[in-house]
Amino acid sequence: MSSRTPSAKPAAKTVKKPTGQQHRKQARAWETDMELRTYRPEQLLNPAELLARFTERTRELLGELPEEQRPVGSEVSTVLRQAVLEAFRTREEYVARLVETDATSWTTGMSALNLRRAIRTSLVDSGVRVVESVDEREHFVVVEGEGDGFEVVRPAYVDQATGKLILSGQLRRVLRRHTQSVGGPGTQDAATKEDQS
């Protein structure tokens with residue numbers, strides 16, 4: 001007879017069931033952060049006050065110039081006024097697009113894919129071209145990896161009207177798998193196929 005005693009079974013691991021506590025904690029932290037970020041009415045930009053400050057500072061700077069080099073006061077005021085009003089128009093357009101994007105994200109039952117499509121549509125409607133092809137490398141920076149191939153980590157965003165780069169994309173270097181077929185020249189590797197699609 002064996003003198004061994006039956007070995008004790010290891011205690012079963014207890015799996016924590018999601019309680020939603022972590023989610024609620026993150027939601028409270030986000031709400032607190034939004035409250036701290038909220039502008040107060042006295043902090044909102046006021047075009048008249050902004051123009052008055054710019055005009056005052058411009059007069060100070062012009063006072064330092066020799067008399068023959070000073071522009072006429074009315075010219076300066078007109079240029080400043082146009083610049084401030086244009087800046088506010090631009091801000092209004094920008095805020096309107098952000099509001100549209102946020103409103104889209106609140107659409108009931110919208111999946112992440114549909115949200116991305118809606119945001120992309122909004123960008124294209126705003127005149128932004130989204131570059132996802134490694135063929136346009138001038139719009140990208142290489143951020144990591146090794147190899148002779150590339151894959152897109154983040155797309156690039158270009159203003160269609162001016163051609164100006166809004167946000168450069170990011171590329172990762174990758175090793176390409178070169179394969180040879182038995183009866184002939186090498187077949188295209190997967191990365192090359194993706195580049196051409």
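General remarks:
- Filter pass, Val95 being in a helix (DSSP H, G or I) and either under 30 Å from Arg173 (Cβ atoms) or in contact with a strand residue (DSSP E or B) (Cβ under 9 Å, 6 or more places away or on another chain) (or both): no
- Against the list (1) open to solvent by 70 Å² or more (accessible area, probe 1.4 Å); (2) small (Gly, Ala, Ser); (3) at pLDDT 85 or above, the condition Ala112 fails is (3).
- Where a residue in the range 112-124 is under 14 Å from Asp102 (Cα atoms) and its partner, wherever it lies, is open to solvent by 80 Å² or more (accessible area, probe 1.4 Å) and not in a helix (DSSP H, G or I), with Cβ under 9 Å and at least six apart: Leu123/Arg129
- The residues listed here are Val99, Val79, Val95; of these, the one that is surrounded by 11 or more Cβ atoms within 10 Å (Cβ to Cβ) and either in contact with a Cys (Cβ under 9 Å, 6 or more places away or on another chain) or within 30 Å of Phe54 (Cβ to Cβ) (or both) is Val79.
- Filter result (open to solvent by less than 70 Å² (accessible area, probe 1.4 Å) and assigned to a helix (DSSP H, G or I)) within the range 137-170: His139
- Number of positions in the range 26-58 that are open to solvent by 100 Å² or more (accessible area, probe 1.4 Å), under 26 Å from the mean Cα position of the chain (by Cα) and modelled with pLDDT of 75 or more: 4
- Residue match in the range 129-136 (condition: on the phi < 0 side of the Ramachandran plot, touching a helix residue (DSSP H, G or I) at 6+ places or on another chain (Cβ under 8 Å), outside any loop (DSSP other than H, G, I, E, B) and without any contact (Cβ under 8 Å) to a residue 24 or more places away in the chain): no
The values are calculated or read from the model by the stated rules, or taken from the named source; none is laboratory data. These figures come from a predicted structure and were not determined experimentally. Cβ: placed from backbone, ideal geometry, glycine included. Neighbour counts: every protein chain shown. These area figures cover heavy atoms from the full protein model, side chains too; ligands, DNA and RNA do not enter into them. Shrake-Rupley method; radii C 1.70, N 1.55, O 1.52, S 1.80 Å.
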